[in-house]
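Working notes for the structure below.
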Amino acid sequence: MENKILKIISFVLCCIIILPMFLSCGSNLEARTVTVMNVTGANATMKNNKNKESDAKEGMKLSADYGMTTGMTTYIDLKLDESALAKMDERSEISVSEISSNKLKIDLLKGAILVNERGKQSGSELEVNAGNAVLAVRGTFFTARYAGREATVYLVEGEIEVTADRGEPILVEQGKKVTVGREDIIVDDIDYAEIDDFTRGAILEYIADLSDALSDFDIDVLTNGNNAAETENDIGNSQNAVHLRGNNYSTYPFNIVGASSGSVWGSDVYTDDSVIAVAAVHAGLVEVGQSATVTIRILPGRDSYPGVTRNGITTSSWGSWDGSYEFVR
């Protein structure tokens with residue numbers, strides 16, 4: 001009798017120890033992942049689930065309760081498994097509140113995020129929370145911005161299920177702007193001439209992926225009639241992009257010879273009076289003396305341009321300026 005009791009106790013203890021381990025392995029086997037693909041700028045941090053902060057770097061992986069923050073002129077590209085991409089705007093903050101084999105939930109705490117989900121894992125869910133707004137993603141391209149009291153969503157392609165304050169969900173289809181307050185949801189057509197700069201830039205960056213959604217769309221609405229992607233500029237080694245100021249988000253190819261002499265302000269995003277041939281060396285696109293064609297994208301002015309040393313070129317820092325550009329890689 002005593003031996004039977006001992007055997008039963010041993011069996012129960014084994015179940016208590018082994019079963020949770022088995023379940024844990026099963027749940028993590030196909031777990032979704034969030035990986036940092038690229039950090040543009042010098043002011044981005046990652047906070048782990050123990051509130052320890054570190055500089056955000058390419059290749060970092062986020063687990064549950066991890067967070068990311070971007071500062072001025074800093075952007076982070078994220079990969080969500082093989083099925084989706086995300087991009088954080090400057091001065092934004094997110095937190096991964098749930099990550100498992102069948103669900104990924106991202107909380108937008110401030111700022112803006114782009115989600116570009118081109119495919120979907122079988123049986124999996126992707127959800128973005130922005131204040132009171134809960135966005136269930138379904139093969140979607142959208143940007144969401146949260147400013148403390150309300151969330152604004154530009155749904156360019158696909159569809160999302162929007163819920164406000166635990167109310168009834170509303171299915172929204174592409175081409176709509178959704179404003180979510182404390183209790184109400186307002187759905188309007190997107191006015192592409194009045195969208196925010198982050199959304200405008202995101203659409204232009206992924207325009208090839210959005211050919212179905214924007215098949216009848218006039219690209220000049222986004223570029224203010226300045227779509228000059230096929231204009232070539234032979235500028236030698238000394239010119240800049242001041243003459244292109246205001247053509248925001250238009251792209252221009254330049255034939256250059258990489259140079260080391262000339263003034264450059266900023267990093268990743270440069271003032272428009274920075275010498276393009278030197279900035280291209282700083283960005284790692286060409287070497288000094290190398291001939292190449294590089295493409296720049298015109299951007300609005302910024303409040304600050306931090307300088308940094310890269311590829312043998314030291315750029316200067318600058319404060320507020322009226323025009324900017326970045327390289328299209």
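The values are calculated or read from the model by the stated rules, or taken from the named source; none is laboratory data. Quantities reported herein were computed from a predicted structural model and do not represent experimental measurements. Every residue, glycine as well, gets a Cβ built from its backbone with ideal geometry; the counts of neighbours run over all protein chains shown.
Overview of results
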quantity: Lone qualifier among V115, V137 - being modelled with pLDDT under 85, under 25 Å from D189 (Cα atoms) and out of contact with any Gly (no Cβ under 7 Å at 6 or more places or on another chain); calculated: V137
quantity: Filtered residues of region 191-230 (kept if modelled with pLDDT under 60, part of a helix (DSSP H, G or I) and exposed (fewer than 13 other Cβ atoms within 10 Å of the Cβ)); calculated: D220
quantity: Per-region count, region 74-84, residues in a loop (DSSP other than H, G, I, E, B) and touching a strand residue (DSSP E or B) at 6+ places or on another chain (Cβ under 7 Å); calculated: 2
quantity: Residues being surrounded by 15 or more Cβ atoms within 10 Å (Cβ to Cβ) and either in contact (Cβ under 8 Å) with a residue 40 or more places away in the chain or in a strand (DSSP E or B) (or both) - total across region 180-190; calculated: 4
quantity: Among residues of region 69-82, those that are over 12 Å from the mean Cα position of the chain (by Cα) and surrounded by fewer than 18 Cβ atoms within 10 Å (Cβ to Cβ), counted; calculated: 3
quantity: Residue count for region 85-102, restricted to those that are small (G, A, S) and under 11 Å from the mean Cα position of the chain (by Cα); calculated: 2
quantity: In region 254-291, residue surrounded by the most Cβ atoms within 10 Å (Cβ to Cβ) [restricted to those that are polar (S, T, N, Q) and out of contact with any Pro (no Cβ under 9 Å at 6 or more places or on another chain)]; calculated: S274
quantity: Members of region 57-71 that are over 15 Å from V96 (Cα atoms) and out of contact with any Gly (no Cβ under 8 Å at 6 or more places or on another chain); calculated: K57, E58, G59
quantity: Residue in region 231-270 that is modelled with the highest pLDDT, counting only those that are within 14 Å of L299 (Cα to Cα), polar (S, T, N, Q) and assigned to a loop (DSSP other than H, G, I, E, B); calculated: N240
quantity: Residue selected from region 100-110 under the condition surrounded by 20 or more Cβ atoms within 10 Å (Cβ to Cβ) and modelled with pLDDT of 90 or more, by the criterion farthest from G148 (Cα to Cα); calculated: I106
quantity: Counted residues, region 166-178 - those being closer than 12 Å to L135 by Cα and surrounded by 13 or more Cβ atoms within 10 Å (Cβ to Cβ); calculated: 4
quantity: Pairs where the first residue, in region 51-70, is under 17 Å from R91 (Cα atoms) and the second is among the acidic types (D, E) and not in a loop (DSSP other than H, G, I, E, B), C-beta under 6 Å, 6+ apart; calculated: T69/E93
